[in-house]
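Bear in mind these aren't lab numbers, they're just calculated from the coordinates by the rules spelled out. Here the structure is a predicted model, which means the values were calculated and not measured. When we count neighbours, we look across all protein chains shown, and the Cβ atoms used for this are built from the backbone with ideal geometry, even at glycine.
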Amino acid sequence: MRENPRRAFLGACGGAAIAQVTEPAPDRKGSLVRFGHTDLFVSRLCQGTAFRQVARDPNDAMGQRILHRALDLGINFFDSSNAYGWGGAEMALGKAIRGRRDKLVIATKVSPHQKPEEGKPSVNPALSRDYVMTEVEGSLRRLGTGYIDLYLYHNPDNKTPSEELVRTMDSLVRAGKIRYWGASNFSPKQIGEFVDLGSRKDKAPLAGLEDYYNIIAGTRRDFMEDELFPLIRRGRLGLMAFSPIAEGRLAPGREVDRGKPWAPVVDALDKVARELSASRPQVCVAWVLARKEVTSVLAGAEHPDHVDDNFAGTRLALPADALAALNAASGRLRGVDTSGR
């Protein structure tokens with residue numbers, strides 16, 4: 001098996017140092033950007049595998065078409081989780097990337113929840129060292145790879161101390177199972193603890209975050225900009241910002257209830273889209289990427305055309321006046337909880 005490059009790096013440098021590398025030249029299909037302080041270079045679009053309508057199954061033809069379309073476009077960044085289809089999404093991704101693994105950056109996550117037994121709710125076993133060590137082996141097997149580029153805690157378990165969570169990920173880095181680690185949906189307090197603990201020379205530092213961010217996120221946007229973005233800057237973290245079209249609420253052709261607080265934002269989006277001969281999703285993606293704290297937009301897709309649309313958004317430059325208009329419309333949602341509306 002080819003040696004894990006992160007493991008070789010750690011062996012050469014001793015400990016969890018940060019690589020000083022030269023950024024590769026953009027390829028013919030799209031530029032790559034550095035993910036935080038790491039030596040991972042990723043596409044501005046990260047293709048997700050949390051399919052909603054498409055089966056999270058390696059034998060699902062549409063799922064494979066979506067993933068292969070992303071590969072054909074030059075997208076090199078893919079995200080999954082052991083909880084998506086309870087391993088099915090990782091198997092689907094592993095099938096799609098077979099033979100191309102070395103050219104890709106693969107992120108997956110470990111959830112504190114396990115598959116519910118029939119008629120029973122999902123159980124929370126806590127993110128103990130033993131549990132995570134077992135789960136990473138399952139993810140490696142399903143993905144068909146010897147290492148994971150970015151391994152994230154999917155959600156907090158509200159039990160395990162930050163020190164133990166950092167030690168577990170550090171052990172996985174040193175064992176060559178993963179190259180870097182991150183967290184998704186954690187509180188600023190715990191992320192700050194991760195940053196501080198990882199700054200010690202004997203521990204693998206936190207590399208990045210995955211969190212919800214879009215133009216109609218309301219109080220979730222406030223949370224990101226006021227609390228998480230400062231931590232991202234302090235820790236030199238990468239960010240995968242998921243759900244650019246707000247879980248489908250901003251999908252093209254979807255009728256917007258004029259009573260919703262984000263209706264004026266949709267009007268602003270559509271005006272900019274018309275002016276730029278772009279689609280609404282493209283403008284949504286471009287708006288998210290206009291924030292320097294965002295490394296990649298993590299987007300879903302239910303059809304290959306959705307991949308094309310999202311990818312086109314990464315190539316769309318918003319003029320200053322258009323960005324100002326969108327920010328003004330989105331800013332009116334400050335303090336508004338849009339999550340359950």
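One table, with the values for the structure above:
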quantity: Subset of the range 239-264 that is outside any loop (DSSP other than H, G, I, E, B) and within 24 Å of the chain's Cα centre (by Cα) - its residue that is surrounded by the fewest Cβ atoms within 10 Å (Cβ to Cβ); calculated: F242
quantity: Selected residue (criterion: nearest to A96 (Cα to Cα)) from residues of the range 29-48 that are in contact with a strand residue (DSSP E or B) (Cβ under 7 Å, 6 or more places away or on another chain) and small (G, A, S); calculated: G48
quantity: Residue in the range 265-277 that is over 30 Å from G198 (Cβ atoms), surrounded by fewer than 17 Cβ atoms within 10 Å (Cβ to Cβ) and touching a residue at least 60 places away in the same chain (Cβ under 8 Å) present; calculated: yes
quantity: Residue match in the range 83-92 (condition: within 15 Å of V307 (Cβ to Cβ) and in contact with a Cys (Cβ under 8 Å, 6 or more places away or on another chain)); calculated: no
quantity: Residues of the range 210-238 that turn out to be within 20 Å of L45 (Cβ to Cβ), among the polar types (S, T, N, Q) and either surrounded by fewer than 20 Cβ atoms within 10 Å (Cβ to Cβ) or touching a Gly at 6+ places or on another chain (Cβ under 6 Å) (or both), as a count; calculated: 0
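Let's see how each residue does on (1) assigned to a strand (DSSP E or B); (2) in contact with a Pro (Cβ under 7 Å, 6 or more places away or on another chain):
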position	(1), (2)
L150	yes, no
K159	no, no
Y180	yes, no
F186	no, yes
I191	no, no
R200	no, no
A204	no, no
A207	yes, no
